[in-house]
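The structure appears below as structure tokens.
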């Protein structure tokens, strides 16, 4: 009986791995038109008697302003090009601050946020966090940095019922994502910690301060080169 039980567990783990890889692999090329968060928000809106539709338009990475790509790296994950999915220094700082009763933002990388948004649910739990680590590892190995950035900017929440940078750019600034200026890109990036409550335009004093900080960080970052990670790992 014990042998059969362990054999069953091994087979289950094996097929779960096969299923997860088969789920992740096509998204290396196929656009992500819907995510669990979009479905969850629609259900919540329906239950509250609100509009259930959402605004989302997929665009390729070359149709997204480099200003926007730099802005999210500068504000969310400045080591994005150099780590392999996890910023252990940021995680350690978050752990130390949490022990002191403080909270530090930015411990989750863009890769982790992408894995969570595309494959998982928003609720905090050890199960979800463990799966997030696993899916982050998969997308780093299978997709690469450029695809992760492309999916990230097309899937994250950027306002109430607004998902992805093209919909956000049209909503906040009435222009396509490839036309965003450095200040407009920074404004959208500034609201990402709480996109359902913050506004990119008109911006509050708090968002204005974050926006100017992001602009400065973007200018200091230098040229955006996705090959840096490949060179480091070769």
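Only the coordinates and a few stated rules stand behind these numbers; no lab work does. What you are looking at is a predicted structure, and each value in this text was computed from that prediction instead of being measured. So basically every Cβ, Gly included, is an ideal-geometry build from the backbone, and we count neighbours across all protein chains shown.
So the values come out like this:
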| read-out | value |
| --- | --- |
| Rounded tilt (10° steps) of 66-76 against the dominant C-alpha axis of the chain | 60 |
| Fewest-first sequence of 153, 120 by Cβ atoms within 10 Å of each Cβ | 120, 153 |
| Degrees between helix 110-119 axis and first principal axis of the chain (Cα, 0 to 90, nearest 10) | 60 |
| Stokes-Einstein D (µm²/s) once Rh is taken as the Kirkwood radius of the range 157-231 over alpha-carbon pairs, at 20 °C in 1.002 mPa s | 165 |
| Residue order, fewest to most beta carbons within 10 Å, for 158, 1, 38 | 1, 38, 158 |
| Protection proxy ranking of 214-221, 19-26 - average other beta-carbon atoms within 10 Å, highest first | 214-221, 19-26 |
| Cα principal axis extents for the range 117-168, largest first, Å | 30, 26, 10 |
| Burial ordering of 118, 18, 133, fewest other beta-carbon atoms within 10 Å first | 18, 133, 118 |
| Chain lengthening between residue 30 and residue 7 when straightened (0.36 nm per residue, less Cα-Cα) | 4.8 nm |
| Nearest 10 degrees, 0 to 90: helix 145-155 Cα axis against the chain principal axis | 70 |
| Alpha-carbon gyration tensor eigenvalues x 5, square-rooted, for the chain, Å | 30, 22, 19 |
| The chain - percent relative contact order, Cα under 8 Å, separation 6 or more | 25 |
| Candidates 81, 180, 16: whichever shows maximal mean-square fluctuation once the chain is modelled as a Gaussian network with Cα springs under 10 Å | 16 |
| Choice from 58, 126, 213 showing the highest fluctuation, given a GNM over the chain with Cα pairs closer than 10 Å | 126 |
| Cα shape, the range 101-190, gyration tensor, a/c 1.5 rule | prolate |
